[in-house]
Amino acid sequence: METSVEKKCKIHHTFKIIIFVLIVLCAGKFLLSYGNFGKNGNAVENTISFTGHGEVSAVPDIANISFTIEKDAKTVKESQALVAEIEKKAIDLLKTNNVAERDIKTNNASFYPKYEFQNKGMPCTRFVCPTGENVIVGYTSSESISVKIRNTDDTGKIIQGLGEIRVSNLNGPNFSIDKEDALKDSARKLAINEAKEKAKKLSKDLGIRLGKITSFSENRDYPMPMYAKAEMAMGMDTVSLPAELPKGENLITSDVTITYEIK
């Protein structure tokens with residue numbers, strides 16, 4: 001018969017074997033998980049990135065301008081009536097030049113009081129100035145309007161006409177492209193095609209096989225506005241501008257980066 005000491009030794013030996021097996025199983029599981037770590041997106045994979053550039057250009061087909069009508073008078077009603085008079089002339093001018101009503105937009109309309117400091121009937125002396133107060137002496141009404149001119153060849157003529165009816169703060173024109181999204185898509189497609197061509201050629205030169213795309217990014221460079229200054233002094237009867245303002249071309253670019261998995 002086995003003694004109690006021998007039984008204890010066997011149990012202890014068996015226990016050590018079990019512990020060893022568990023350690024081996026855990027280690028194997030860890031190594032398997034580590035091998036799949038990159039595939040699960042939790043570690044840096046073997047990747048390579050390629051860039052592409054695309055650009056398209058087009059002649060602007062819209063001219064955007066904005067202006068303000070501002071008038072002073074003794075009362076709010078009188079100043080607003082003066083603004084309305086100039087506004088009607090401006091709208092009539094725009095419609096006469098085939099600017100659609102939907103392309104004329106009022107951005108802001110406001111009025112505010114004008115103050116003047118007045119003393120209490122006594123003039124200031126060398127040593128003392130009588131107390132006084134700010135008194136409302138009139139009101140200023142203002143209206144800001146933005147216009148989209150679709151027939152860009154008429155831009156110079158329209159700006160001249162607005163100057164003649166004494167609008168103020170005339171800004172623009174800012175030449176832009178109406179349907180720009182299609183051009184942006186074309187620029188992106190050209191950039192993607194260039195990046196793919198680079199990937200195809202370089203992977204062959206390096207002797208590597210490309211797998212799936214792991215990331216994509218795009219950086220667009222939107223066209224900068226083109227301005228033709230049309231500022232005018234309040235004392236001028238007309239604004240000297242050419243009949244047709246040069247529009248040039250707007251350039252739309254796209255830069256992409258495509259990252260591939262290396263098999």
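The values are calculated or read from the model by the stated rules, or taken from the named source; none is laboratory data. This one's a predicted model, so the numbers in the text were calculated from it and none came from an experiment. All Cβ positions, even for glycine, are placed from backbone atoms using ideal geometry, and neighbour counts span all protein chains on display. Note: areas computed on protein heavy atoms with side chains; ligands, DNA, RNA excluded. Shrake-Rupley method; radii C 1.70, N 1.55, O 1.52, S 1.80 Å.
Filtering segment 232-263 to residues that are part of a loop (DSSP other than H, G, I, E, B), open to solvent by less than 40 Å² (accessible area, probe 1.4 Å) and modelled with pLDDT of 65 or more leaves LEU245, LYS247. Selection over segment 88-117 of residues that are more than 23 Å from THR152 (Cβ to Cβ) and open to solvent by less than 70 Å² (accessible area, probe 1.4 Å) gives a count of 2.
Over 30 Å from SER49 (Cα atoms) and free of Cβ contacts under 8 Å to residues at least 12 places away in the same chain: does that describe LYS157? Spelling it out, it is not the case that LYS157 is over 30 Å from SER49 (Cα atoms) and free of Cβ contacts under 8 Å to residues at least 12 places away in the same chain. Candidates in segment 118-135 are the residues that are open to solvent by 80 Å² or more (accessible area, probe 1.4 Å) and assigned to a strand (DSSP E or B); of these, the one that is modelled with the lowest pLDDT is GLU133. The single residue among ASP153, ASP178 that is part of a loop (DSSP other than H, G, I, E, B) and of a type outside the set (Gly, Ala, Ser) turns out to be ASP178.
Return a yes/no flag: does segment 62-80 have any residue that is among the aromatic types (Phe, Trp, Tyr) and modelled with pLDDT under 95. Don't jump to the end; show me each part of the working.
Kept after step one, since they are among the aromatic types (Phe, Trp, Tyr), are these residues of segment 62-80: 67.
From what is left, the residues that are modelled with pLDDT under 95 are none.
No, segment 62-80 contains no residue that is among the aromatic types (Phe, Trp, Tyr) and modelled with pLDDT under 95.
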